[in-house]
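Written out below as structure tokens is the structure these notes cover.
The values are calculated or read from the model by the stated rules, or taken from the named source; none is laboratory data. Given the structure is predicted, the values throughout are model-derived calculations rather than measurements. All Cβ positions, glycine included, derive from the backbone under ideal geometry; neighbour counts span all protein chains shown. Areas reflect the complete protein model, heavy atoms only, side chains present, ligands, DNA and RNA absent. Shrake-Rupley method; radii C 1.70, N 1.55, O 1.52, S 1.80 Å.
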Amino acid sequence: MSVCFHHEEGIIAEPLNLTVSLRGTREVRDNCQLFRLTGLLDAFSEPTFRKVLSSKIDEGPKNIILDLSQIDFVDSSGLGALVQLAKQSQSTKGTFQIVTNARVTQTVKLVRLEKFLALQTSVDKALENTKSS
């Protein structure tokens with residue numbers, strides 16, 4: 001059974017087929033894709049996460065926003081997937097931004113990837129950046 005979620009008028013979020021511990025939706029807006037994720041981005045969920053998002057990046061639009069503000073945990077596998085997806089997005093001449101929470105920010109800063117992964121404080125800020133790019 002497929003369920004759609006309405007976040008904003010005219011925007012329909014399609015559910016992503018990820019894992020039991022990682023759930024999410026994808027919204028396509030003007031010139032970007034917004035992925036909203038909840039749960040754990042770890043060694044268990046990473047292969048599926050990377051495969052699903054990689055195919056969506058190839059589909060387009062090329063500007064990517066990952067909303068990880070509801071993520072409970074990210075491990076080194078999850079960070080590796082984020083780096084790979086950021087590189088893939090850059091190779092398509094797109095932008096790649098991550099909306100984060102304190103836990104995710106701390107993990108990313110620990111390995112000094114905060115600038116490379118373009119951390120943002122809100123989806124609105126990331127959307128604003130996408131419009132101005």
Accessible solvent surface per residue of the chain, calculated while the other protein chains remain in place, 1.4 angstrom probe, Å²
54 Å²
For a label point 7 Å from the Cα of Thr121 along Cα→C-beta, name the residues of the range 90-105 whose backbone N is under 18 Å from it.
97-105
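Could you order peptides 115-123, 99-107, 41-49 by the average number of other Cβ atoms within 10 Å of their residues, highest first?
Output ranking for 115-123, 99-107, 41-49: 41-49, 99-107, 115-123.
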Estimated dipole of the chain in Debye, rounded to 20 [Cβ of Lys and Arg +1, of Asp and Glu -1, Cα centre]
440 debye
In Å³ per residue, the alpha-carbon convex hull of the range 54-127 encloses 84 Å³
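If you take the Cα atoms of the chain, find Rg, then find the Kirkwood Rh from the mean of 1/r over all pairs, what is Rg/Rh?
On the way: Rg = 13.5 Å, Rh = 14.6 Å.
In the chain, Rg relative to Rh is 0.93.
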Ranking by accessible area, most exposed first, for Ile57, Ile11 with a 1.4 Å probe
Ile11, Ile57
The chain - percent of accessible surface contributed by carbon and sulfur, probe 1.4 Å:
52 percent
If amide H atoms are built 1.01 Å from N in the plane of the peptide, which residues on other chains or at least 5 residues away come under 5 Å of the amide H of Ile12?
Val28
Fully extended contour minus Cα-Cα distance, from Thr48 to Asn129, at 0.36 nm per residue:
26.4 nm
5 angstrom amide H check on Gln120, placed H, neighbours 5+ away:
Ile98, Val99, Thr100
